[in-house]
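This report concerns only the one structure given below.
Throughout, read-outs are computed from the coordinates displayed, never taken from laboratory work. Note that the structure is a prediction, hence the values are computed from the model and not measured. Using ideal geometry, Cβ is built from the backbone for each residue, glycine included, and neighbour counts are taken over all protein chains shown.
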Amino acid sequence: MTNLTTFRIHIAPLGFEVDRITIPLKQTKADKLWLLSHDNRSKDLSAPYLEKIKKECNKLGVELQIAYADRLNLFGAIKAIKEIIEKEEGNYIYVNVASGSKIQAIACMMACMVLKECDTLQPFYAEPERYAAFEGKQQSFGIRDTIPLPTYEIQIPKPKLLQALKIISGQKNGKITKKEMAEIADKEGIITVKAEESNYSQARFASLDKNIISPLENEWKFIEIEKIGRNRWIKITQEGKNAAEFLI
């Protein structure tokens, strides 16, 4: 574990594990643990494990904080983990992918990939010494090894495209006319229009098409254009909704 000793902030989904969360805390001399807990406490069966983890954190002098997200919602979990990482910017952050559900493990890895530029971020897998024989009990015991995991960068849209996606996703039914979008984008500085007053409107549409609509529609598949009567509507796609859920 010597290669992990400089990491002081741990992020771990809360499931039916204790050792796989708390032993790495001790081995790395962690300062803080962020637990990602299910947001519906009435349906969450992990409460007994939370209490055990709290006791271990007290013994180790580790600060404990809890964030909440639906354990079955991949994009919601990614967003929650991403927000924790952003809050801890400047610290050494270690992300435990072994302690929760498969969806949470995927969310942990995807959050690390989205924030690949953070060079103090390291996901890891805690391999247990043995597994429980029966369901309903702590899932595993001890730690055999802690394995650092490689991260590969996931490309995300440029900030102005995310600004535009936020505007579109915030509209009723997730759609807005092209005219309205051009006016908002111009006002908020998402597009730049260099034209005389006589052809300003036409130039604004051209800038919107080239710099916002085309990449969001053709490169990212986050929007589609729908013609209704004389109006052209910009409509968010399911891919766009998924991206908006954790990127915005």
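The distance between label points at Lys235 and Tyr200 comes to 3.2 nm (points 7 Å beyond Cα on the Cα→Cβ vector). The modelled label-to-label distance for the pair Lys54/Ser214, using points 7 Å beyond Cα in the direction of Cβ, is 5.7 nm.
Estimated from helical segments only, the mean residue ellipticity of the chain at 222 nm is -11000 deg cm²/dmol, where each DSSP H run of four or more residues counts as -39500 (n - 2.57). If you take the Cα centroid of the stretch 33-77 and the Cα centroid of the stretch 178-246, the two points sit 41 Å apart.
A straight Cα-to-Cα reach below 24 Å connects Lys59 with the lysines Lys26, Lys29, Lys32, Lys137, residues fewer than 8 places away in its own chain not being considered.
Spacing of the modelled spin labels on Arg144 and Lys43, each 7 Å from Cα toward Cβ, amounts to 3.4 nm. Net charge near Pro13, counting Lys/Arg +1 and Asp/Glu -1 over other residues with Cβ under 11 Å of its Cβ? It works out to a net charge of +2.
Under a Cβ-Cβ cut-off of 12 Å, what is the net charge of the residues other than Leu161 that fall near it, where Lys and Arg count +1 and Asp and Glu count -1? Net of charged neighbours comes to +1.
Can you give the net charge of the other residues whose Cβ lies under 15 Å from the Cβ of Asn73, counting K and R as +1 and D and E as -1? Charge balance in the 15 Å sphere: +1. So which trypsin sites (Lys or Arg not before Pro) in the stretch 80-125 are both in a DSSP loop and have at most 14 other Cβ atoms within 10 Å of their Cβ? Answer by residue number: Lys116.
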